[in-house]
Each structure stands twice: as structure tokens, then as C-alpha cells.
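Only the coordinates and a few stated rules stand behind these numbers; no lab work does. These numbers come from a predicted model, not from an experiment. We place every Cβ from the backbone using ideal geometry, glycine too, and count neighbours over all the protein chains shown.
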Amino acid sequence: MKKRVVILFLCMTMVLSMGACGTDSDKKASTQQGTQETASEVFDGPHSAQMKLDLSKLVTKLADYKGIDVTISGNYDVTDDQVEQNLMSLLSYYGITGVEVKDRDTVQKNDYVKVDYTGYLDGDAFDGGSATDTMIDVANNCDATQKTNYIDGFSDGLVGAKVGEEVSSDVTFPENYQSSDLAGKKTTFKFKIKGIYKPVTMDTLTDDMVADAFTEQKITTKKDLVAYVRQVLEKQAANSKSQASISAVEDDLLDKCKVTIPDEYLDARLQEYQHEFEADNCNDTQTLEQYAKNNNTTVDDMKKQWKELMIKQIKIEFIFGRIAEKENITISDDDFKSFVDYLVSSGNSQMADENAVYKYYGGGNKEDGKKTLRQLYVVNQAISYVVEKANITVEPDTQTTESSENERVQ
């Protein structure tokens, strides 16, 4: 049940979550109240759910869909190195950055140093230039926890300093620095050395350190933490492989099948999507034209992209809807209710309960929304059916992609 819910959600959001021109998150956050009011309005066009579709006629060519051969590329096996790399990032996220050095009191180049510091301009402390209990990676001149870089020369005065001492560094801010008050200015940072640390490693990580940091997760030992990280990474890899397999199967059948989309049906779907998009992104103080302008595009360009993606989405729905008919694929009321409950729990303020979910996807009409969701659910049951029977070949991805670099356990 859970796997099919995930597949359905992915299929539905392929169009519904697309940002034709990027997002304006600040604007969206500031207009949340207006968004909720707009979402309650009823869509005034004929809803696609009300239209009669004969998929046996609209899917004019249905290719063989059982045991199809598709190839995906990617690295879906989790290695020990990946587990360790992600575990170390997780430790940093939870504030475990170093092990205190107690057999010496003088800072060396490769140390982490805990300090309090204050920045001065012309003898006066300036706003935003002070911090306490900050861990500095001296060699890399960056914050040891967040790995954010400091201004060149910031940590130069720390090497050779002793615990308990106060030292200073002269720093000149870049000419293009974001604060005009500091841009190009020579400043002085004064540091109070509070402790010397070595970067934590797998060898120096202890059960006590893990237990203190991961109390809420009830992870009490290093062994349990390693197992947790591996489990999360393996789930991520499995989801990535599943998504790649779904996309490959969809693309294969899109290429081999022939589909006719009635003009009135496509028009209705586009109007429904625009209605939902405006409900999510616009209110009384921001029109769709203003939204487009704020995101460096035009309404015409947005609609062109919506249409291109909607045509692909509808073809997928028709193809796999026809497969569902041929294979007598149906869904139970319990499974459908579980999916709707999942949408309610997803955190979207416009879908706070079951009726709100139906109205959201039905343009204000509860019955239309319920029918639409059930149709999509059946489509995705069919997608699962075809994927499970497909012969999927995995080719290793020899290049490290940006997305894999950014995947981290949280």
C-alpha cells in the first residue's frame, strides 16, 4: 500500500508542483491568508472529471506493456564511504564537531578552536560582528559546524595562541561586501580562546557523544547511528531507483503508444491547473501577470510550459488508465482513504481535512475532486503493475551529479 501511495503522489505532483518560472517564496509566505481565501472559490469551468472518456478509442495504439526492456543509469548501492561521509555531516548538523584537546594549550594550524569574538570598526564594535562559543576550523578559515567561510585573514591570529588568551586579527572586507558600512573597510576582530579541539572522526566518536546528541531519536550508540544512516541512505537510493524506473517505463510507452487528447479535455485541465496555481501563488494584491513579472517571465510563457507538461501528463494517464482497464485494476476504499489521509497529513493548509482535499482537486467541487483522485490512483496502480513486470537494466553513473552530492541524511 505505502509504495503505491508514493508512486501516485509523484505522478500527481509532476504537473501540480512545477514552477514554470521558479518560486517567490517570500511573496508566497506573505500572501498565505489570501491564498487560502482564493482556494475556497469554486472553479467556474466544466471540470475534466465530468467529461466522458472512452480510453479504448483515445489510446489508438497501445504497445506491449508486459515485460518491456528499459535502462536506467545511477548508483543505487550504498557504500561504507557514503555512510561515513553522511554520518560525519550529520554529526556536524547536530553540533558534534570536535573532541577537546587536553594535553596542550597552544593552537596549531589544523585545530578547531572554540572562541568568543567581537569585530571593531574604528574602535567601535559593529552590528553582526560578534559571536560566542563559535567553533572555528583554523586551517580552512571557516565555521567548523556550518562550513561557512570567513573573510580572508579572519583566523590568522589564532595559530600559536593559548587557551584563555585574547588575540586579535586585522581584516579588510572586500570592496563588494554586502554591507556598505563594511565594504572595503579595515576592521579588527578580538578573540577569547576558550578551547582547542580536534575534528571528530569515527575512531574518536563515542557512544556518550551519540547518546547526548540523538536523545530525541533514541539513538544511544555509535553502532546504532551507523545502522540508522545506512538505512536512510538505502531508502533514498531505493526511492531514486524507483523514480528512475517509473520515468523510464513512462517514457518508453509514451514513445511507442499513440494517444488522442480531446481539445475540450485539455482546455479544462489547463484551466483547472491555472486555477490551482493562482490559488497557491496569487491573491487579491497579486495577479498572475504580476507573479510572472516578479519571476522574470510572462503569462504566455508560463502557459506554454504548462501545456507541454500537461499534454505529457494526460498521455500518461490515458495510456496507464487503458492498461488498468485491460488488466481489471481497481482500488479498495481503504487504500484510497489511506492516500487521502496522507494528503491531509502532508502539511498543505488548503487540504486540512478529507473534504478540503476533494475540493482542492475538484476546483471547489467535492465529488469532482474525489473522482479525479480515484482516477489518478488507478493510473498509478497500473504504473506499478507495468514497472514490476519490466526488465530494468541499471547502468552505473560514472559521473557524480550535483543532486547526489547534495543528498544528505537529515
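Numbers at a glance
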| quantity | calculated |
| --- | --- |
| Max mean-square fluctuation residue, GNM over the chain, Cα-Cα springs under 10 Å, options G74, G363, G160 | G160 |
| Cα gyration tensor shape of region 185-333, rounded if a/c is under 1.5, else prolate or oblate by comparing a/b with b/c | oblate |
| Whole-Hz couplings from phi, Karplus 6.51/-1.76/1.60, listed for region 310-320; x for Gly and Pro | 5, 4, 4, 4, 5, 4, 4, 4, 5, 4, 7 |
| Degrees separating the helix 263-281 axis from the principal Cα axis of the chain, which is the longest one | 30 |
| Peptide ranges 240-250, 180-190 listed from the most packed, as the mean C-beta count within 10 angstrom indicates | 240-250, 180-190 |
| Max mean-square fluctuation residue, GNM over the chain, Cα-Cα springs under 10 Å, options N365, N296, N239 | N296 |
| Degrees separating the helix 222-256 axis from the principal Cα axis of the chain, which is the longest one | 40 |
| Stokes-Einstein translational diffusion, region 246-343 - Kirkwood Rh over all Cα pairs, 1.002 mPa s, 20 °C, in µm²/s | 132 |
| Net charge dipole size for the chain [Lys, Arg +1 and Asp, Glu -1 on Cβ; Debye, nearest 20] | 1080 |
| Ratio Rg/Rh [Cα only; Rh per Kirkwood] for the chain | 1.08 |
| Cα long-axis angle, helix 333-344 against the chain (0 to 90 degrees, to the nearest 10) | 40 |
| Amide H partners (placed H, <5 Å) of D111, local residues excluded | V138, A139 |
| Cut-off under 5 Å, modelled amide H: who pairs with V99 long-range | K198, V200 |
